[in-house]
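Data block below; observations after.
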Amino acid sequence: MTHFGSTIRSKRERLRQDDRRYSVRQVAQRVGIEPAYLSKIERGEVAPPSEATTVRLARELGEDPDVMLALAGKVSADLQAIIRRRPRLFADLIRQLKEAPDEAVLRVVREVRDGNW
């Protein structure tokens, strides 16, 4: 079972404890995929689905789409476009931040968001 699949299954089953609408069949129907396919995703028998399906699954389960895409080994199309505009700078930024503590990364995010250059 892949980490992506097990995460999807775990989240869906937790939701199902309180709401029967989170059965494999019903979630698959709302997301627009076959129940057998969702079951295979959860068991890690198939590769994670497309970006669009991953985002729909994440939203259905109340999860962050970017986190679910990362677990699926994907990067959203909008982030890919941003990186392609300045690939060297973003590659360097990510590599520099990889060992930084979360609080340092959050500080950088806040400074950029707030325009504090």
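No value in this document is a laboratory result; all are computed from the given coordinates. On a predicted model such as this, the values are computed, not experimentally measured, just so you know. As a convention, Cβ positions derive from the backbone with ideal geometry for all residues, glycine included, and neighbour counts pool all protein chains shown.
So which GluC sites (Glu not before Pro) in segment 63-117 pass both tests, a DSSP loop state and at most 10 other Cβ atoms within 10 Å of the Cβ?
Details: sites: Glu63, Glu99, Glu103, Glu111; in loops: Glu63, Glu99.
For GluC sites (Glu not before Pro) across segment 63-117 that sit outside H, G, I, E and B with at most 10 neighbouring Cβ atoms in 10 Å, the list reads Glu99.
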Segment 1-97 - charge dipole about Cα centre, Lys and Arg +1 at Cβ, Asp and Glu -1, debye rounded to 20: 80
Note to self, the chain gives a 222 nm [θ] from helices alone (DSSP H runs n ≥ 4, -39500 (n - 2.57) apiece, / all residues, nearest 500) of -21000 deg cm²/dmol
Among Val24, Ser10, Val46, which residue has its Cα positioned farthest towards the positive end of the charge dipole of segment 3-74, with +1 placed on the Cβ of Lys and Arg, -1 on the Cβ of Asp and Glu, and the dipole taken about the Cα centre? Val24
